[in-house]
Structures are given as structure tokens and as C-alpha cells.
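To keep things clear, I will list the structure first and then write my remarks on it.
The values are calculated or read from the model by the stated rules, or taken from the named source; none is laboratory data. Everything quoted here is computed from the prediction, not taken from an experiment. All Cβ positions, even for glycine, are placed from backbone atoms using ideal geometry, and neighbour counts span all protein chains on display.
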Amino acid sequence: MLTAPPSGYRPPTARRDLRLSAIEGTSYCVMVGVGQEYFIAFALAIGLGDVVSGLVGTLPVMVGATLQLAAPWVIRRTGSLRRYMTIASATQAACFVPLLVAALVGRMPAWALFVTVGAYSAINLGQGPAWSTWITTLMPRRIRARYFAARSRMLQGGVLTGLLIGGLLLSREDAGESPAIAFAPLFAIALLMRATGSYLLSRHAEPVKMPARLRHVGPRELLGRARSGADMTLLAFLMMSNLALQMALPFFTPFVLEHRGLSYLELTMLTGTVIVGKMVAAPTLGKVAHRYGPKRLLWIGAVGVIPMAPLWLAADSFPTLLLVQFAMGIVLSCFDVGAVLQQFEAIPEHERPSVLATFVALNAIAGFCGSAIGGVLLAGADLGLGGYGAAFGAAAGARLLALPLLMRVRPAPREVEPFPGGSVRVEPGAGTTEVPALTQHEDEPDSITDA
């Protein structure tokens, strides 16, 4: 169990730490929006093709998710959560250096791009458990819900800002230049934002250096719970859902750029619209989960997202695509929030970091398998619209096949403890994932500056 401050305790540096955390999180999200979001588009710009570019969104993540299983060992070796986070974020910033060089010279071998993005993904995923453990030691429980609700809005704003900066810079591409060089300022900004975040992390306090008495659950034990374990039933459903999602999602960028003929700015608007849909839905999701339970929310998202990929094909205009993306943001937000709240009920606290780290690896493998299936279907139709129809239709079918697993998931109670934030994930065409707080208390601060 983590040795955390008591509920009424406020560290002397709490006010400064909360401000630093909000600024650091926003800089991270700007990096995600202006850098990570454009990895697939960059692969297209350097001529890697639709299928290879789509795999850039999943293969490196699978490799990175496997490598991040070593994160607990690395954390123990560093002896400090703050030191680990500072070094990891600085190394993540360095991953943009080869991308920046490649953008300037206009070429990069596929293997080099996969290695670079794989290293980025491993570091990115490996920071999550350490940050979630560390941040709970920096503030009393009573202020978390309101604080993280305010911080969540800042993070969403950071992603949107990064997306808009990237889209505007790419829209100014000179027709006489290599398409890749337009990405150079994007990667430079992303590098600067993460380097800034590393410095800010080093300025945080560290009242508890390391967690204690945490139990390790390996892949073999977790898979052994497949028949009877409540946690594995839920995680199996989530992995099947991710497999279905990745059959279509990695190919959204080449679909709209190459076959719909949209610009980078229009691609940015489509992704940003999903984020707006999530932001619109977020204030009500906690209330829905509190009243009807997280599983109801998960059902709404699981069923609502089924027709989304086929609707990309059916949308015959850019405004129609925007409407589809807005609706997708709402249902994905329902799915993500319901899934996280169910996880916190199904997985014991003392096993949670280990189980979720293993799940990240297994889920990434499922996602890669989904993208490989989608790539095969796409390549089998010579990369034409028929191939996209097969991939997007198969993704919807796989979503349907996952629903029986959801029927076996035990509902979580409606009184769910607020979760202190989470990682932000940005997917081409799917926006971000962020978890809103469920409850607020009268004695909590109204803003970050009041904390």
C-alpha cells in the first residue's frame, strides 16, 4: 500500500505543487497535440504509404507497452518517483530530435521511425503508474475532485491548442518544398514543451519517495483469472474493444487525407471536434455514473461507438464528417469513463499498478493485431475505398462480438470514489481520453489558484 498523507494533511508546498502540476500537464498536452497526433501524417509525408503509416499508430505502441513492463524495476533502481519522472520526461523530449532531423532532410527509413516512436511510447506509458502514485502524495483527498476537474479542462485546452498550432503550420506548407519539412516546427515545439515539463516535474515536492507493499501480478497469473476473475473479464472486454477500434482508427488519417482529399487543417478540425464532443459530455458523465452506475455508462459507449467507422464512409461532406466526429466524442467519452470506473471496482488497490501495467502491454498487443487485420483488409483491396469499407465494417462487427463479454462484467457500485486524474491519450480521429471527477465538496477550491 502507498504511504500517503492523511486526508486532512496539506504539505507546505501544496499550493505551488498544484500549480506546477497544472502547468506541466498542459505543456504535456500541447506536446501530444502538436507532436504525437501528427506521427501518422508525418509517415505519409515521407512516403511510407497508407498501410505502413497506419501501423505507426499501433506497432510502436505495442513494443513500447511491452518495454514499459520494466518501469517498476527502473523506478526501484532510481529510488525516487520524482527522479524517475524527471529523467523519463527529458528522455521523451529527446525522442523528437531524430523526428526533427528527419523532417528537415525530408526522409526517414520506416525502421527508424518505428524505433523512435516505439521508444517514445514506452517512456510515455511507463510514466503513468509512477505519476499516479506520486501525485496522490502531494495533496489531501478532500481537494482532489475539484482540482482535477479544473486541471482536466486545462489539459483538454492544451491538446486543442497543440492541434490547432499543428494544423495551422501544416496548412502553410510551401508547394515547392518537401512535404516533410512542414513538420519540423511541430516537432521542435513538442520537444520544447516536454523539456519544459521535465523541468517543472523536478520542482515538485516529494513527501513519499517510493510506494511500499505493492503486489506484483504477472501476465500468466492475470490470464489465469480469465474464467473466474472479475478483473480479467472486464479487461478481456476492453482488449477486444481495442482490437476492434484499431482495425479502423489507424487508417482514419490516410482515409481523409488521401481518399477524401482533405487538408491538414481539416484533419485537425475533425480530431478537435471529437475533443469538443468529449468536453461537452464530460460535465454530465459523473452524474450519470453516480445515478445509474459505471456499467450503464460503459454500455452506452460500447453500443454507441459501433456504427462510427462505417459512418466515416457514409459521410459525403466535410460538415457531415464533423457531426460524426462530434457524436463519436460523446460516445467515446462514455466508454472511457465507464471503463476506468469499472476498473477501480474490479481491481484491488494493492494489485492495481501491476495489473494495469500488464493490461497496457496486453491491450497494445490486441491493438496491433487489430491494425494488422485492418491493414490486410485494406491492402487486399489495393488500398481503394473497398478496402476501407472492409476494414471499417469489420471493426463494427468486432465491436458487436465484444458485447457478450460486457454482459458478464459485474456492475460497480454507484458510489465511486473520485479518481485523481489520468493520462491523456490522443488518437487520429478519436480525440483524447480524460476522466472527470464524480463528486465535489463544499470545502474544495473553486479553481487551481485557490487550492
Starting from the stretch 392-406, keep only residues that are over 15 Å from Ser371 (Cα atoms), then list their pairs with residues that are surrounded by fewer than 20 Cβ atoms within 10 Å (Cβ to Cβ) and of a type outside the set (Asp, Glu) whose Cβ atoms are within a distance under 6 Å, requiring at least 6 positions of separation or different chains. none
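In this structure, is Phe39 under 25 Å from Met269 (Cβ atoms), out of contact with any Pro (no Cβ under 9 Å at 6 or more places or on another chain) and aromatic (Phe, Trp, Tyr)? Even if it seems obvious, please write down each step before you answer.
Working: under 25 Å from Met269 (Cβ atoms): yes; out of contact with any Pro (no Cβ under 9 Å at 6 or more places or on another chain): no; aromatic (Phe, Trp, Tyr): yes.
Taking the combined requirement at face value, the residue does not satisfy it.
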Being buried (at least 20 other Cβ atoms within 10 Å of the Cβ) and either in contact with a strand residue (DSSP E or B) (Cβ under 8 Å, 6 or more places away or on another chain) or modelled with pLDDT of 90 or more (or both) is the requirement here; does Leu332 meet it? yes
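Does Gly64 meet the test of being touching a residue at least 60 places away in the same chain (Cβ under 8 Å) and either on the phi < 0 side of the Ramachandran plot or surrounded by 17 or more Cβ atoms within 10 Å (Cβ to Cβ) (or both)? Spell out how you get there, then give the answer.
On the way: touching a residue at least 60 places away in the same chain (Cβ under 8 Å): yes; either on the phi < 0 side of the Ramachandran plot or surrounded by 17 or more Cβ atoms within 10 Å (Cβ to Cβ) (or both): yes.
It is true that Gly64 is touching a residue at least 60 places away in the same chain (Cβ under 8 Å) and either on the phi < 0 side of the Ramachandran plot or surrounded by 17 or more Cβ atoms within 10 Å (Cβ to Cβ) (or both).
Residue check: is Ala94 at pLDDT 90 or above, surrounded by fewer than 22 Cβ atoms within 10 Å (Cβ to Cβ), within 17 Å of Ala112 (Cβ to Cβ) and of a type in the set (Gly, Ala, Ser)? Before you say what the answer is, go through the steps one by one.
On the way: at pLDDT 90 or above: yes; surrounded by fewer than 22 Cβ atoms within 10 Å (Cβ to Cβ): yes; within 17 Å of Ala112 (Cβ to Cβ): yes; of a type in the set (Gly, Ala, Ser): yes.
The answer is yes for Ala94.
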Scanning the stretch 386-404 for residues that are modelled with pLDDT of 90 or more and not small (Gly, Ala, Ser), the one farthest from the chain's Cα centre (by Cα) turns out to be Pro404
Of the candidates Ala22, Ala112, Ala43, the one satisfying the condition of being farther than 26 Å from Pro207 by Cα and touching a residue at least 24 places away in the same chain (Cβ under 8 Å) is Ala43
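So in the stretch 277-286, with the set limited to residues that are surrounded by fewer than 16 Cβ atoms within 10 Å (Cβ to Cβ) and touching a residue at least 24 places away in the same chain (Cβ under 8 Å), which one is nearest to Thr161 (Cα to Cα)? Break it down stepwise before answering.
Applying the first criterion (surrounded by fewer than 16 Cβ atoms within 10 Å (Cβ to Cβ)) to the stretch 277-286 yields 280, 283-284.
Add one more test, that the residue is touching a residue at least 24 places away in the same chain (Cβ under 8 Å), and what stays is 280, 283.
Working: Val280: 17, Pro283: 21 Å.
If we take residues in the stretch 277-286 being surrounded by fewer than 16 Cβ atoms within 10 Å (Cβ to Cβ) and touching a residue at least 24 places away in the same chain (Cβ under 8 Å), then Val280 is nearest to Thr161 (Cα to Cα).
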Among the residues in the stretch 267-276, are any small (Gly, Ala, Ser), touching a residue at least 40 places away in the same chain (Cβ under 8 Å) and farther than 19 Å from Ala398 by Cβ? yes
For the stretch 346-385, name all the residues that are under 24 Å from Gln127 (Cβ atoms), modelled with pLDDT under 80, assigned to a helix (DSSP H, G or I) and more than 16 Å from the chain's Cα centre (by Cα). Ala346, Arg352, Pro353, Ser354, Val355, Thr358
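Which count do you get for residues in the stretch 77-91 that are closer than 14 Å to Trp134 by Cβ and surrounded by fewer than 22 Cβ atoms within 10 Å (Cβ to Cβ)?
From the stretch 77-91, those closer than 14 Å to Trp134 by Cβ are 78-89; that's our starting set.
So of that shortlist, the ones also surrounded by fewer than 22 Cβ atoms within 10 Å (Cβ to Cβ) come out as 78-80, 82-83, 86-87.
Residues flagged as closer than 14 Å to Trp134 by Cβ and surrounded by fewer than 22 Cβ atoms within 10 Å (Cβ to Cβ) within the stretch 77-91 amount to 7.
With Leu238, Leu249 as the choices, which residue is modelled with pLDDT of 80 or more, under 15 Å from Asp336 (Cα atoms) and either surrounded by fewer than 22 Cβ atoms within 10 Å (Cβ to Cβ) or of a type in the set (A, V, I, L, M) (or both)?
None of the other options fit; the residue is Leu238.
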I'm checking my understanding of the structure. Among residues of the stretch 97-132 that are of a type in the set (Phe, Trp, Tyr) and surrounded by fewer than 20 Cβ atoms within 10 Å (Cβ to Cβ), which one is nearest to Leu59 (Cα to Cα)? Phe114
Suppose the filter is touching a residue at least 60 places away in the same chain (Cβ under 8 Å), of a type outside the set (Phe, Trp, Tyr) and touching a helix residue (DSSP H, G or I) at 6+ places or on another chain (Cβ under 8 Å); does Ala315 pass it? no
Counting only residues that are within 29 Å of Leu262 (Cβ to Cβ) and assigned to a helix (DSSP H, G or I), how many does the stretch 303-345 have? 28
